[in-house]
Each structure stands twice: as C-alpha cells, then as structure tokens.
1. In segment 135-145, what residues are surrounded by fewer than 21 Cβ atoms within 10 Å (Cβ to Cβ) and free of Cβ contacts under 8 Å to residues at least 60 places away in the same chain?
2. Can you name the residue in segment 283-301 that is in contact with a Leu (Cβ under 8 Å, 6 or more places away or on another chain) and closer than 22 Å to Tyr223 by Cβ and, of all such residues, is surrounded by the fewest Cβ atoms within 10 Å (Cβ to Cβ)?
3. Among what's in segment 173-209 and is in contact (Cβ under 8 Å) with a residue 24 or more places away in the chain and of a type in the set (Gly, Ala, Ser), pick the residue that is nearest to Ser114 (Cα to Cα).
4. Give the residues of segment 169-187 that are assigned to a loop (DSSP other than H, G, I, E, B) and either open to solvent by 20 Å² or more (accessible area, probe 1.4 Å) or basic (Lys, Arg) (or both), sorted by residue number.
5. Residues that are of a type in the set (Val, Ile, Thr) and over 28 Å from Met90 (Cβ atoms): does segment 237-251 have at least one?
6. Sort out which residues of segment 212-228 are over 13 Å from the mean Cα position of the chain (by Cα) and buried (at least 23 other Cβ atoms within 10 Å of the Cβ), and write them in order of number.
Amino acid sequence: MEHITVLLNEGVDSLNINPDGIYVDATLGGGGHSSLILSKLKNGHLYSFDQDEYAINKAKSRLDSVGSNYTIIKSNFCNLKEELNKLGVMNIDGIIYDLGVSSFQFDDGERGFSYNYEARLDMRMNKEQALSAYEIINEYSLEEISNILYRYGEEDFARKIASEIVKERNNKPIETTIDLVNVIKKALPQKILNKKGHPAKKTFQALRIAVNDELRVFEKSLYDAIDMLNKNGRVVVISFHSLEDRICKQIFKEKSTIYIPKGLPVINNEVAPLEIISKKPILPSDEEVLNNNRSHSAKMRVAKRN
C-alpha cells in the first residue's frame, strides 16, 4: 500500500518556510513532508531523521527527484541535537514530527507491527536494536506486561490479557502476531469481542510504544528541538494518540508560560520561549479522513520561538 502523508500541506505550511533556512524532518518515513519542504528551499538545507533502512532507501529516490540540498541522518530523533551538532548545525528554523508508524511498516507483514499479518513478534523500528515485542511478551513479568498495556494502550483489560499471556507462554513461547491475537481474544469478554474494531489494537499499540520507547524519546527530542529553534522558528507536531498529544500539549504549555511567584510586584519583562500558534489542535479535513482512514486520529499542534 502506498504511504499517504497525513496533514501534508497543513504541516509544511505551518513551518512558514524561509527558502534559505535550515529545516528538520524528525520522521522521514515515506518522505512526504521532506519532499515538500525540499521543494520550497533555495539555499536552505533539510535534515531528515529515520532509523529504518527500508524507509531511508524508499525516501531517498523520492527526495533526489526534488533537490540535492538535503541530508538523511540514520538515527533515532532522540539524538537530534547530538547528530545535528556533529554536522555543525547548532540552530534550526523549523522542525516537523509525524509520529507513529509509516504505512509501509504496517503493511510489511514481516515487521510484526500489524495484527492483520502473521509474522514473528518484532515491532522494532530500528532492526539493529536487541529488544523486540517477542522478549516483552515471553520474558517480562505479569506486572510489567500489565503496566505496559494499561499505560501505553489504555487497555481496560490489561491485567486479564497479561495473565492470559503468562498462562499461555508457560505451555510454549508466543512466537507470532497471530499467536498473540489468539491469546488476547481468549482473555477478552464476548461483549468486547463483538464491538467494532480489532480486539488486539490497544495491545499492539502498547507493545510498539514500549519496544521503541516512543514517549520518552519524543519528550527528550521535543525539548531539544525547542532549544535549537532560531527566533520565529516553528515546531510542528502531528500525533496519532492521546499520550503523544498530551506530551506535546504539556511541553508547549510549559514553554509558553512565564511563572511569577505570588506576591511579587510584576516588573517582569521576561518573554516565554514559545508562542503557541494553534490554540486548539488542527485536525484533518473530512475529505482527508475519507481518502485516508489512518488520518482519522491525527492532531497537529504548532508553536513558534519568541
């Protein structure tokens, strides 16, 4: 399936691109945002991050057809500041995050991201890392699995699913995505199984976040990105579930607020580092949701450096 970039024009327009500026795409993926940013640059430069070799190879040919003033950095965006500093880049004019998993990662059955294809339990965005979903499911304690499912998947039946996983793996290892789906179905009551939507969705989301340490990585990266922004530089975040959106919202609020202790006379001329551009999250249009179902949960937030 073709990877369709969510909020493509809205995201890039929100960067308010200076043709001679330095821009970062923290999540290269299918190269949609990167290629559109690149098309708007004249003497500027684009730095795109991805840790997935397959994504990099696919996106490279797409970017080559647009321009040459770009650099792909094969690294987790957690290392944003370090990697850019290594290349002599200390400040940037804008950065965009398109969080979550690319369509082609979901649709490549062998990667183990999807409950629709049988594959070994994997879910690593960086295939070189040691931890995969297999280790979590087969080696973590009942308590640890239950916490992961509840915290990252907001799964109401986290404890029941974790108990069923531990029971099942005592007989034999849970090897594949479909093995796991069957265990989840055993743990859930019939009324939940009868509901619309796949019963394994929350568990698979939770495992993916845990395997790739997505929330901690995003938080660190966003703080670093804000620090690196030039005056009037913009940060754009497109998220796909409430936990990512909450982190973005909280950091934007923290960085756009000046806290004055009670009782002090206000002679404070200090300006907060950020100004929030989108007071409410920007959502995909009805047309986009119709054409690309994966966009239905997307929320975009934008802030500007003062």
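1. Glu135, Asn138, Glu139, Tyr140, Ser141, Leu142, Glu143, Glu144
2. Ranking the candidates gives Lys299 first.
3. Ala200
4. Lys172, Pro173, Glu175 - these are the residues of segment 169-187 that are assigned to a loop (DSSP other than H, G, I, E, B) and either open to solvent by 20 Å² or more (accessible area, probe 1.4 Å) or basic (Lys, Arg) (or both).
5. No, every residue in segment 237-251 fails to be of a type in the set (Val, Ile, Thr) and over 28 Å from Met90 (Cβ atoms).
6. Taking segment 212-228 and keeping what is over 13 Å from the mean Cα position of the chain (by Cα), we get 223-228.
Correct list: Ala225 only.
The rows are residues; the columns are (1) in contact with a Leu (Cβ under 8 Å, 6 or more places away or on another chain); (2) of a type in the set (A, V, I, L, M, F, W, C); (3) crowded, with 19+ Cβ neighbours inside 10 Å; (4) modelled with pLDDT of 95 or more.
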| site | (1), (2), (3), (4) |
| --- | --- |
| Val6 | no, yes, yes, no |
| Asn16 | no, no, no, yes |
| Gly21 | yes, no, yes, yes |
| Asp25 | yes, no, yes, yes |
| Leu41 | no, yes, yes, yes |
| Ser48 | yes, no, yes, yes |
| Ser65 | no, no, no, yes |
| Ile72 | yes, yes, yes, yes |
| Leu80 | no, yes, yes, yes |
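So that you can scan it fast, the table gives a plain yes or no per residue for (1) among the hydrophobic types (A, V, I, L, M, F, W, C); (2) open to solvent by less than 40 Å² (accessible area, probe 1.4 Å); (3) at pLDDT 95 or above:
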site: Asn85; (1), (2), (3): no, no, yes
site: Met90; (1), (2), (3): yes, no, yes
site: Tyr117; (1), (2), (3): no, no, no
site: Gln129; (1), (2), (3): no, no, no
site: Arg151; (1), (2), (3): no, no, yes
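The values are calculated or read from the model by the stated rules, or taken from the named source; none is laboratory data. Fair warning: this is a prediction, and the values are worked out from it, not measured in the lab. All Cβ positions, glycine included, derive from the backbone under ideal geometry; neighbour counts span all protein chains shown. Keep in mind that these areas ignore ligands, DNA and RNA; they rest on the heavy atoms of the full protein, side chains included. Shrake-Rupley method; radii C 1.70, N 1.55, O 1.52, S 1.80 Å.
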